[in-house]
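Undergrad: One structure coming up, written as structure tokens, with questions to follow.
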Amino acid sequence: MTGTPDPDASISAIVAAISEPRLQPYLVVADGNTREALRLYQWNIDLSGAVYESLHVFEVFLRNALDARLAMWNVAQVDPATGRPHSENWLLDPSRLLRRLIGTNITRATEQARAALRGKRGRVVAHADIVAQLSFGTWRYLLPDRDPGRQRLWNDSLKAAFAYLNAAPAVLVTRVEDVYRLRNRVAHLEPLLRSGVVRRDLNSMRWVLAAMDPELEAWFVSRQRITHVIRRRTH
């Protein structure tokens, strides 16, 4: 006859499976209360899921806007080796400046796209396949800084993706950097216990999208769950 399960034994097993070092930040916030720490751990999972949903929308909107501008810019660049203009496909036929700035990223993404299509007979790597493999960091590091090439790319092309920008480009870069760091934290399963930081990063996503098109920001806000999950927390 099976006895009644021991709740304390179950909690011990869960803590062991999570590992005490990973649970430690939650135990600190919960003043050493293991049950409360596990509740916070589950809350963090829910918040991470909500953040990831918003990051999904944000990254797709951002990369597609930059991709469109880069296509128009690339076709206006002349290949010094042939004297002919590059194609609008800036990933398969990148200009010299793009090769310098993100050539390694393009090569890696192209290889990953080929690997993803392996076994799909008749399919060759297309522009969209490579775009899907580019990391968030690629888009972040195309934005302007002290590098003259990035500044030229901004002035000639990428700033047009932010038609409603009403601040200096450096503010935009800072906002995107906020989102970039948040994405890395979620990707590495880190705690998001500092709700104020998550709210700030949500505001950064909203700010960047509003700089692109206020309608995008409104649609994004109407569907994000981050605010709701944060409100559920009691600590």
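Undergrad: I'm trying to understand the selection: among the residues of the range 222-235, which are in a helix (DSSP H, G or I) and open to solvent by less than 50 Å² (accessible area, probe 1.4 Å)?
TA: First, pick out the residues of the range 222-235 that are in a helix (DSSP H, G or I): 222-223, 226-232.
Listed by number, the residues that qualify are 226, 227, 229, 230.
Undergrad: Now, a different point. Taking the conditions exactly as written (surrounded by 15 or more Cβ atoms within 10 Å (Cβ to Cβ), within 24 Å of residue 46 (Cα to Cα) and not hydroxyl-bearing (Ser, Thr, Tyr)), does residue 169 satisfy them or not? Quick ask: steps written out before the conclusion?
TA: Values: surrounded by 15 or more Cβ atoms within 10 Å (Cβ to Cβ): yes; within 24 Å of residue 46 (Cα to Cα): no; not hydroxyl-bearing (Ser, Thr, Tyr): yes.
When the stated conditions are applied, residue 169 does not pass them.
Undergrad: If I filter the range 11-46 down to residues being of a type in the set (Ser, Thr, Tyr) and either closer than 18 Å to residue 186 by Cα or touching a strand residue (DSSP E or B) at 6+ places or on another chain (Cβ under 9 Å) (or both), which single residue comes out as surrounded by the most Cβ atoms within 10 Å (Cβ to Cβ)? Please lay out each step first, then the result.
TA: So the first thing to find is which residues in the range 11-46 are of a type in the set (Ser, Thr, Tyr), and the list is 12, 19, 26, 34, 41.
Then keep just the ones that are either closer than 18 Å to residue 186 by Cα or touching a strand residue (DSSP E or B) at 6+ places or on another chain (Cβ under 9 Å) (or both); that gives 26, 41.
Working: 26: 23, 41: 20.
Out of the qualifying residues, it is 26.
Undergrad: Is it the case that some residue within the range 78-87 is aliphatic (A, V, I, L, M) and touching a residue at least 12 places away in the same chain (Cβ under 8 Å)?
TA: Of the residues in the range 78-87, the ones aliphatic (A, V, I, L, M) are 78, 81.
If we keep only those that are touching a residue at least 12 places away in the same chain (Cβ under 8 Å) too, we end up with none.
No, that holds for no residue.
Undergrad: OK, next. Somewhere in the range 207-221, is a residue modelled with pLDDT under 95, at negative phi, open to solvent by 40 Å² or more (accessible area, probe 1.4 Å) and in a helix (DSSP H, G or I)?
TA: Our first condition is that a residue be modelled with pLDDT under 95; within the range 207-221, this holds for none.
No - not one qualifying residue is present in the range 207-221.
Undergrad: Next question, about the same structure. Would you check which residues across the range 117-143 are charged (D, E, K, R) and either assigned to a loop (DSSP other than H, G, I, E, B) or within 28 Å of residue 169 (Cα to Cα) (or both) and list them? Break it down stepwise before answering.
TA: Filtering the range 117-143 for residues charged (D, E, K, R) gives 118, 120-121, 123, 129, 140.
Correct list: 118, 120, 121, 123, 140.
Undergrad: Something else: Would you pick out the residues in the range 19-53 that are over 28 Å from residue 224 (Cα atoms) and in a helix (DSSP H, G or I)? Let's see the steps before the verdict.
TA: Let us first name the residues in the range 19-53 that are over 28 Å from residue 224 (Cα atoms), namely 19-21, 24, 27-28, 31-35.
Those that are over 28 Å from residue 224 (Cα atoms) and in a helix (DSSP H, G or I): 20, 21, 24, 27, 28, 34, 35.
Undergrad: Is there a residue in the range 83-94 that is part of a helix (DSSP H, G or I) and surrounded by fewer than 17 Cβ atoms within 10 Å (Cβ to Cβ)?
TA: At the first step, the residues of the range 83-94 found to be part of a helix (DSSP H, G or I) are none.
No; the residues of the range 83-94 include none that is part of a helix (DSSP H, G or I) and surrounded by fewer than 17 Cβ atoms within 10 Å (Cβ to Cβ).
Undergrad: From the list 114, 146, which one is assigned to a loop (DSSP other than H, G, I, E, B) and of a type in the set (D, E, K, R)?
TA: Values: 114 fails: assigned to a loop (DSSP other than H, G, I, E, B).
Answer to the selection: 146.
Undergrad: Going by what's in this entry, would residue 192 be described as open to solvent by less than 50 Å² (accessible area, probe 1.4 Å), of a type outside the set (Phe, Trp, Tyr) and assigned to a loop (DSSP other than H, G, I, E, B)? Break it down stepwise before answering.
TA: Numbers: open to solvent by less than 50 Å² (accessible area, probe 1.4 Å): yes; of a type outside the set (Phe, Trp, Tyr): yes; assigned to a loop (DSSP other than H, G, I, E, B): yes.
Yes.
Undergrad: Mind counting the residues in the range 184-235 that are within 28 Å of residue 19 (Cα to Cα), free of Cβ contacts under 8 Å to residues at least 24 places away in the same chain and of a type in the set (A, V, I, L, M)?
TA: Of the residues in that region, 2 qualify.
Undergrad: Oh, and also: Test residue 80 against the stated conditions and say whether it is open to solvent by 10 Å² or more (accessible area, probe 1.4 Å), in contact with a strand residue (DSSP E or B) (Cβ under 6 Å, 6 or more places away or on another chain) and not polar (S, T, N, Q). If you could, list the steps in order and put the result at the bottom.
TA: Numbers: open to solvent by 10 Å² or more (accessible area, probe 1.4 Å): yes; in contact with a strand residue (DSSP E or B) (Cβ under 6 Å, 6 or more places away or on another chain): no; not polar (S, T, N, Q): yes.
No; evaluated as a whole, the condition is false for this residue.
Undergrad: What's the total number of residues in the range 151-182 that are closer than 15 Å to residue 67 by Cα and among the charged types (D, E, K, R)?
TA: Residues that pass the stated criteria total 2.
The values are calculated or read from the model by the stated rules, or taken from the named source; none is laboratory data. Owing to the predicted nature of the structure, the values given are computational and were not obtained by experimental measurement. Note that we place each Cβ from the backbone using ideal geometry, even for glycine, and neighbour counts take in every protein chain shown. The area values use the complete protein model at the heavy-atom level, side chains included, leaving out ligands, DNA and RNA. Shrake-Rupley method; radii C 1.70, N 1.55, O 1.52, S 1.80 Å.
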